[in-house]
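The values are calculated or read from the model by the stated rules, or taken from the named source; none is laboratory data. Keep in mind it's a predicted model, so treat the numbers as computed, not measured. Cβ: placed from backbone, ideal geometry, glycine included. Neighbour counts: every protein chain shown. Each accessible area value is taken on the protein alone, full model and side chains, heavy atoms only, with ligands, DNA and RNA left out. Shrake-Rupley method; radii C 1.70, N 1.55, O 1.52, S 1.80 Å.
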Amino acid sequence: MNTLVSYDWLKEYVKLKETPEEFARRVSLSGPAVEKILKLNTELDEKIVIGKILELNKHPNADKLKLVSVDVGQPQPLSIVCGGSNLELGQYVAVALIGAKVRWHGEGEPIVLEPAEIRGVKSEGMICASTEIGLGEAFPNSDRMILDLGFELGWNDAAAKVKIPKLGTPLADVLGGSDDVGMDIEVTSNRVDCMGMVGMAREAAAILDREFIWKEPKKPKYEVRGTRYAVPVKISAKKECPRYMAAKITGVKVGPSPWWLKRRLLSAGLRPINNIVDISNYVMLELAQPTHIFDAATLDGGIDIRLSRMGEKIQALDGKTYELDDTILLIADQSKPIAIAGVMGGEQTGVTLNTTDVIIEAAAFDPVCIRRGARKINLQSDAQLRFEKGLSTEAPPIAMARTIELVLELAGGKLEGDAADVGQTKYKPLSFSTTVDEVDSLIGVKVPKTEMVDRLRRLGFKVKVTGKTIKAEVPWWRDHDIELGRDLVEEIARIEGYANIPGIIPFGLRPRPMDAELIWEKRSRDILKGAGLSEVYSYSFVSQDLLAKADYDAKGMLHVQNPLTAEYEVMRTSLLPSLLQAAAENSERFPEQRLFEVANVYYPASRGTDSFWSDLPDEQLEIGMLFLGMPEPWRAAKGVVEHLLDEMGIQDISWKRLDNDSFWHPGHSVQAFVKEKLVATVGELSPKVAKNFKFESPIGLVDIPFEDIVGLAAEIRAYRPVTSFPEAKRDLSVVVDFRVEYDDIAREILSINPLVTDVAWFDTYRGENLPADKKSVAMHVTFSSPERTLESAEVDALMEKITLDLKEKFKAEMRG
């Protein structure tokens, strides 16, 4: 979770002396990591200055253009041709001098402004619209309206007594923040307090030992109107909403926000909308506690925090209508839902330019409820990202006070009664203890006790010391984070700076042995890559359409209750459909492919109902391979499997024909066993299934139940030197019953004599000149001795022995 932090804004809450780069380096070593430093306001060129319109005249050759005389603080006014529809005498404008960079009509890349002649009249600059100088989001206007600085910055309001800058002053200096930078900071999910400027400032003050200068807003005064609480509030879903506050302000004036507020929102990546909405967003960015503001006139009676009803609908502020089940937490009035709690407000009750009375909401919600609800309806927001991480029940009053303070200041109005506060209970802060010895032991660095106490206090803990025991009361903004005494040790350690702790392995500590499955998983990847295969990564979720194409039945598989799309609705029980899809999608660009994937597949739970894990899927690690674009790809697949099993030290493998499986090609598919345990299925894809994926050539596939073969794997540590004497080779061709497996023939030949060192198949034939129940199998037989060169007579004698043995064992006939 990342947040964009303006360094200039951060300095309003903590007295910093460091440069942004030094701040990033030191804070990243002890807290939230600064990933990037970004220059803000990059489009506002120094040659864009403040000007004042002195004269307006018609253009002699164009009805829609005017000749404008503009004072920019130079000895002579500039003469500029401009087509702005809102030009007025005495107007303060943004003037781009010759050489400034602007976006022409707010489009394209910035260009350098040069002297120009427009319709026969010389123009000495450009009066700019907001979109032409990178301020379109701050000051939105129509295409033909120039930026009216007097109106936007309040210079036209005599009562405001605003000091108008000197003409010719760079606009960047007037707006401020020309040297500001934004820091892209990664905030871990347990530190949602650092998603606000105050929390980040508090963290920086503790790490850098600087003064934290933020002051908590005071509880606002209200005008009593008959009853103390102006907004009736009821919490029907007490578990999902432990605290809810609401306050009503009447007589507000909705309009543009002042520049300082717009600037802060823009620095955080948010677009200004109006002063009321901007205040709510500003408070969220400042305090990390979201608030929401309703148009009071659109509410029917009081507020009820309840669960949605089946089929209930709400149109959210994003303009979309969401149909809900009965598990979504809502804010509702007496007749309708008005907001999806903790996620987004409703369009019908949103603040508009016609709003005069508002109701401010600040609340605490159950994080799990918010997270599940947002994902169920596929709706995210900045507020939801904070609520789902867990916010304290002590945060709403501070956010409410700050929001009321800003609304009264920037939009006027009166606070109608005290804020309603429902669900509030006496807060009991968490408290944990550690000892000086435990801290030193776990960190590995001696830290003085006084320094331990000081660090915890700087972080907001209330600390009490008794002897060597340190007892700390957890500040409310960390009550979802600090869970035990050892967390206090971590706090002390990170302020020390992890980079300052020596990287020494404690005496007597030995590395924990790795699980055999993890070891062989890594080795298998290396072996397969070394064999020329490319690794594939695919989703564990697949579609029912893909399974149907691959001739898999999805009925017995696990189905996702709330899939993101139909493409990810079933948890796969095999890697092969995913490999087929990957190969099919890439077959035009890569006609020859050798792919593999090592990943889990998922089956319905089989552990029994009494197990804690009984509801979880049964995960099994598998290896899948695919071969495409080569003659007889199943033979290549079998060779790779034999290589993998050999590298894993798995011996005594027997192969059996695989029949009666519609996924596999009959006659071109086999299974490997070790003592009746299946270790691999290898073969060619059925032509019917291949047609579904539009493959025009045969596909070789491999399916290995990896968990089952890990137990058979063995470390191969014996060294067998290559013989220095020449080998002798003979070709052997035998006719046997078609049901006899080549693997059985090879095993029998190897068992005859130790001088027979290898048997390699090279051909099998069935057809013309052979009976229908016979086949011819041809192989190379290798003979060698580590001690001497074999004589030809010796080899001939061994071949004779092999021939006799095969005749007896398999009723084999020799072919010439």
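Which of the residues that make up region 539-579 are of a type in the set (Lys, Arg) and outside any loop (DSSP other than H, G, I, E, B)?
Of everything in region 539-579, just one residue is of a type in the set (Lys, Arg) and outside any loop (DSSP other than H, G, I, E, B), namely LYS549.
Quick one: count up the residues across region 318-327 that are exposed (fewer than 14 other Cβ atoms within 10 Å of the Cβ) and farther than 21 Å from LYS239 by Cβ. Even if it seems obvious, please write down each step before you answer.
Step one: list which residues in region 318-327 are exposed (fewer than 14 other Cβ atoms within 10 Å of the Cβ), which gives 318-321, 323, 326-327.
Filter once more, keeping what is farther than 21 Å from LYS239 by Cβ: 318-321, 323.
So the count comes out to 5.
Filter region 325-341 down to residues that are in contact with a strand residue (DSSP E or B) (Cβ under 7 Å, 6 or more places away or on another chain) and part of a loop (DSSP other than H, G, I, E, B) and give me whichever is farthest from LEU307 (Cα to Cα).
From region 325-341, those in contact with a strand residue (DSSP E or B) (Cβ under 7 Å, 6 or more places away or on another chain) are 326-333, 337-341; that's our starting set.
Now narrow it down to the ones that are part of a loop (DSSP other than H, G, I, E, B): 326-328, 333, 341.
Numbers: ASP326: 6, THR327: 6, ILE328: 6, ASP333: 13, ALA341: 9 Å.
Checking each candidate, the answer is ASP333.
Can you name the number of the only condition in (1) loosely packed, with under 14 Cβ neighbours inside 10 Å; (2) in contact with a helix residue (DSSP H, G or I) (Cβ under 7 Å, 6 or more places away or on another chain) that GLU597 fails?
In the conditions (1) loosely packed, with under 14 Cβ neighbours inside 10 Å; (2) in contact with a helix residue (DSSP H, G or I) (Cβ under 7 Å, 6 or more places away or on another chain), GLU597 misses (1) alone.
Quick check: is even one residue across region 466-480 in a helix (DSSP H, G or I) and small (Gly, Ala, Ser)?
Checked region 466-480: no residue is in a helix (DSSP H, G or I) and small (Gly, Ala, Ser).
Looking at (1) open to solvent by less than 80 Å² (accessible area, probe 1.4 Å); (2) more than 22 Å from ASN61 (Cβ to Cβ); (3) touching an Asp or Glu at 6+ places or on another chain (Cβ under 7 Å); (4) modelled with pLDDT of 90 or more, can you tell me which one LYS101 breaks?
(1)
Among the candidates VAL72, VAL81, which residue alone is open to solvent by less than 50 Å² (accessible area, probe 1.4 Å), touching a Leu at 6+ places or on another chain (Cβ under 7 Å), farther than 21 Å from VAL174 by Cβ and not polar (S, T, N, Q)?
Exactly one of VAL72, VAL81 is open to solvent by less than 50 Å² (accessible area, probe 1.4 Å), touching a Leu at 6+ places or on another chain (Cβ under 7 Å), farther than 21 Å from VAL174 by Cβ and not polar (S, T, N, Q), namely VAL81.
With the condition being of a type in the set (Val, Ile, Thr), I'd like the helices (runs of 4 or more DSSP H) fully within region 148-213 carrying at least 1 qualifying residues.
Here the list reads 171-175, 197-208.
Residue by residue, here is whether (1) open to solvent by less than 50 Å² (accessible area, probe 1.4 Å); (2) modelled with pLDDT of 95 or more; (3) over 29 Å from GLY199 (Cβ atoms) holds:
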{"site": "TYR427", "(1), (2), (3)": "no, no, no"}
{"site": "SER431", "(1), (2), (3)": "no, yes, no"}
{"site": "ARG494", "(1), (2), (3)": "yes, no, no"}
{"site": "ALA499", "(1), (2), (3)": "no, no, no"}
{"site": "PHE507", "(1), (2), (3)": "no, no, yes"}
{"site": "MET514", "(1), (2), (3)": "no, no, yes"}
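The conditions are (1) over 23 Å from ARG271 (Cα atoms); (2) open to solvent by less than 20 Å² (accessible area, probe 1.4 Å); (3) not in a loop (DSSP other than H, G, I, E, B), and GLU117 fails exactly one of them. Which is it?
(2)
Report, by residue number, each residue of region 454-475 that is among the hydrophobic types (A, V, I, L, M, F, W, C) and crowded, with 18+ Cβ neighbours inside 10 Å.
Within region 454-475, LEU456, LEU459, PHE461, ILE470, ALA472, VAL474 meet the criteria.
I want to confirm something. Restricting to region 697-715 and keeping residues that are more than 12 Å from LEU580 (Cα to Cα) and β-branched (Val, Ile, Thr), which single residue is most open to solvent (accessible area, probe 1.4 Å)?
Applying the filter and picking the extreme gives VAL710.
Of the residues in region 345-366, how many are open to solvent by 40 Å² or more (accessible area, probe 1.4 Å) and under 22 Å from VAL192 (Cβ atoms)?
Adding up the residues that qualify gives 1.
Could you list all residues from region 20-46 that are in a helix (DSSP H, G or I) and either on the phi > 0 side of the Ramachandran plot or free of Cβ contacts under 8 Å to residues at least 40 places away in the same chain (or both)?
Hits for region 20-46 are GLU21, GLU22, ARG25, SER28.
Counting only residues that are over 29 Å from the mean Cα position of the chain (by Cα) and at pLDDT below 90, which one in region 615-642 is least open to solvent (accessible area, probe 1.4 Å)?
Among those that are over 29 Å from the mean Cα position of the chain (by Cα) and at pLDDT below 90, it is TRP634.
Any idea which of ARG191, ARG202 is out of contact with any strand residue (DSSP E or B) (no Cβ under 6 Å at 6 or more places or on another chain) and either under 21 Å from GLU12 (Cα atoms) or open to solvent by less than 70 Å² (accessible area, probe 1.4 Å) (or both)?
So the residue among ARG191, ARG202 that is out of contact with any strand residue (DSSP E or B) (no Cβ under 6 Å at 6 or more places or on another chain) and either under 21 Å from GLU12 (Cα atoms) or open to solvent by less than 70 Å² (accessible area, probe 1.4 Å) (or both) is ARG191.
With the structure loaded, tell me whether LYS694 is modelled with pLDDT under 95, farther than 30 Å from ASP515 by Cα, open to solvent by 20 Å² or more (accessible area, probe 1.4 Å) and under 39 Å from the mean Cα position of the chain (by Cα) or whether it fails that test.
yes
Run ILE370 past the list (1) part of a helix (DSSP H, G or I); (2) open to solvent by 20 Å² or more (accessible area, probe 1.4 Å); (3) within 25 Å of THR321 (Cβ to Cβ) and report the number of the one that doesn't hold.
All conditions pass for ILE370, except number (2).
Scan region 535-552 and report the pairs whose first residue is under 20 Å from GLU684 (Cβ atoms) and whose second residue is open to solvent by less than 40 Å² (accessible area, probe 1.4 Å) and among the acidic types (Asp, Glu), with Cβ atoms within less than 6 Å and a gap of 6+ or a chain change.
Filtered contacts from region 535-552: VAL536/GLU597.
Pick out the one residue from GLU569, GLU588 that is in contact with a His (Cβ under 8 Å, 6 or more places away or on another chain) and of a type outside the set (Val, Ile, Thr).
GLU569
I'm told ASP661 meets every condition in (1) outside any helix (DSSP H, G or I); (2) open to solvent by less than 60 Å² (accessible area, probe 1.4 Å) except one. Can you identify the failing condition by its number?
The failed condition is (2).
Given the criteria over 24 Å from ALA419 (Cα atoms) and open to solvent by less than 10 Å² (accessible area, probe 1.4 Å), does ALA341 qualify?
So ALA341 does not fit the description; no.
I need a count of the residues in region 270-284 that are among the hydrophobic types (A, V, I, L, M, F, W, C), open to solvent by 20 Å² or more (accessible area, probe 1.4 Å) and not in a loop (DSSP other than H, G, I, E, B).
Step one: list which residues in region 270-284 are among the hydrophobic types (A, V, I, L, M, F, W, C), which gives 270, 273, 276-277, 279, 283-284.
Going one step further and asking which of them are open to solvent by 20 Å² or more (accessible area, probe 1.4 Å), we end up with 270, 273, 277.
With not in a loop (DSSP other than H, G, I, E, B) added as a condition, the list becomes 277.
Result for region 270-284: 1.
Search region 695-712 for residues that are under 20 Å from GLU647 (Cβ atoms) and pair each with any residue that is in a loop (DSSP other than H, G, I, E, B) and open to solvent by less than 40 Å² (accessible area, probe 1.4 Å) when their beta-carbon atoms are under 6 Å apart and the residues are at least 6 apart or on different chains.
LEU712/ILE650
Go through (1) assigned to a loop (DSSP other than H, G, I, E, B); (2) more than 26 Å from ARG478 (Cβ to Cβ); (3) open to solvent by 30 Å² or more (accessible area, probe 1.4 Å) and name the single condition GLN315 misses.
(1)
From the list LEU790, LEU806, exactly one residue is touching a residue at least 60 places away in the same chain (Cβ under 8 Å), under 27 Å from HIS668 (Cα atoms) and open to solvent by less than 40 Å² (accessible area, probe 1.4 Å). Which is it?
Selected residue: LEU806, the only one of LEU790, LEU806 that is touching a residue at least 60 places away in the same chain (Cβ under 8 Å), under 27 Å from HIS668 (Cα atoms) and open to solvent by less than 40 Å² (accessible area, probe 1.4 Å).
Report, by residue number, each residue of region 373-410 that is open to solvent by less than 10 Å² (accessible area, probe 1.4 Å), touching a helix residue (DSSP H, G or I) at 6+ places or on another chain (Cβ under 8 Å) and under 23 Å from PRO258 (Cβ atoms).
ALA399, THR403, LEU406, VAL407
Can you work out which of the residues in region 734-775 that are of a type in the set (S, T, N, Q) and out of contact with any Ser or Thr (no Cβ under 6 Å at 6 or more places or on another chain) is surrounded by the fewest Cβ atoms within 10 Å (Cβ to Cβ)?
Only one residue tops the list, namely ASN769.
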